[in-house]
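The values are calculated or read from the model by the stated rules, or taken from the named source; none is laboratory data. All values derive from a computational prediction rather than experimental measurement. Here the Cβ positions follow ideal geometry from the backbone for every residue, glycine too, while neighbour counts run over all protein chains shown.
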Amino acid sequence: MFIDSFIGYLKAERNYSVHTLRAYAGDLRSFEEFMARIDESISFFDADVDIVRAWVASLMDAGAAPSSVCRKLSALRSFYSYCRSTDASLSNPAVVLQGPKRRSKLPVFLKESEMDMLIDEVQFGEGYVACRDRMVMMLFYETGMRLSELVALDVDDIDFGASVVKVLGKRSKERVIPFGNGLKSELERYLEVREQFADNSAGALFLSSHARRISNSQVYRMVNGRLSHVSSVSKRSPHVLRHTFATAMLNNDAEIGAVKELLGHERLATTEIYTHLTFEELRRFYDKAHPRAGNN
């Protein structure tokens, strides 16, 4: 009952995404099950720091990633904070615990030459689906939008007069992303093909072969397959194209603050990972090219 009330609050008052709501609910039930294994009489409001610490240890022993454990702790802290808003006498046993240190991972991205090859040289085929697939790849690469944002796009979200596209990001935050004349021409051509295919000039921007809004999984599979033609990177997902957009922007002298706004990041620190990425790329070039690099 308490978990359902908390999840309802996050949905109604905080505009959390369906994915986050599902993850938080699972995290809290995981803790509830852990307490029951210790003693069935223990409830959330009997738990102390030692029990939370034991839960974290059990997660680590089971091989949970540090990022996953940190998220579970965050869910528990938020839950207790919510409960304390109605009963200030309750303690928050999770608030004093630090999550395990996260492993720093540089995002996977494609080279600009690989993206040029994909868009300009790879043959996508004929018909609406082929035209749609190429347009999806271009929009990801030239705007940096998220998968969920692209799938949710409607035709009316594109303003050709201002050359901008309106997207609904995390926590229902709206932002506007500009695009260039090249993408504008491609979008206009795509919409002509789309209207012939669906006989409808409104509604979802990207349609399935059955003329319904395309799904996240359909886009993921398509991107994975298309990227395999030009790159051998281990990950070939829509998010890799988002990383590729950010990296290309910074490599071509974009201000990091502007990239932050285009990506819809709340914190500059999230965007700064790409500055580390470009530095690592420079380091690889240096180590490979400089005659004395190997002696340093």
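Points to keep in mind about this one:
- Scan of segment 220-236 for residues that are within 19 Å of Gly144 (Cβ to Cβ) and either without any contact (Cβ under 8 Å) to a residue 24 or more places away in the chain or in a helix (DSSP H, G or I) (or both), ordered by number: Tyr220, Met222, Val223, Asn224, Arg226, Leu227, Arg236
- Among the conditions (1) in contact (Cβ under 8 Å) with a residue 24 or more places away in the chain; (2) hydroxyl-bearing (Ser, Thr, Tyr); (3) assigned to a helix (DSSP H, G or I); (4) closer than 19 Å to Met135 by Cβ, Ser209 misses just one, which is (3).
- Conditions (1) touching a helix residue (DSSP H, G or I) at 6+ places or on another chain (Cβ under 7 Å); (2) small (Gly, Ala, Ser); (3) at positive phi: number failed by Ser172: (1)
- Residue satisfying all of: in segment 26-44; modelled with pLDDT under 90 and hydroxyl-bearing (Ser, Thr, Tyr); surrounded by the fewest Cβ atoms within 10 Å (Cβ to Cβ) among these: Ser41
- Residue ID - surrounded by the fewest Cβ atoms within 10 Å (Cβ to Cβ), chosen from residues in segment 5-22 that are among the small types (Gly, Ala, Ser) and out of contact with any helix residue (DSSP H, G or I) (no Cβ under 7 Å at 6 or more places or on another chain): Ala12
- Test result for Val129, among the β-branched types (Val, Ile, Thr), more than 21 Å from Leu28 (Cα to Cα) and either in contact with a helix residue (DSSP H, G or I) (Cβ under 7 Å, 6 or more places away or on another chain) or in the same structural domain as Asp48 (by TED's automatic domain parsing) (or both): no
- Filtered by the rule that a residue be part of a loop (DSSP other than H, G, I, E, B) and under 12 Å from Pro93 (Cα atoms), segment 34-55 gives Ala47, Asp48.
- So Met137, is it in the same structural domain as Val167 (by TED's automatic domain parsing) and surrounded by 20 or more Cβ atoms within 10 Å (Cβ to Cβ): yes
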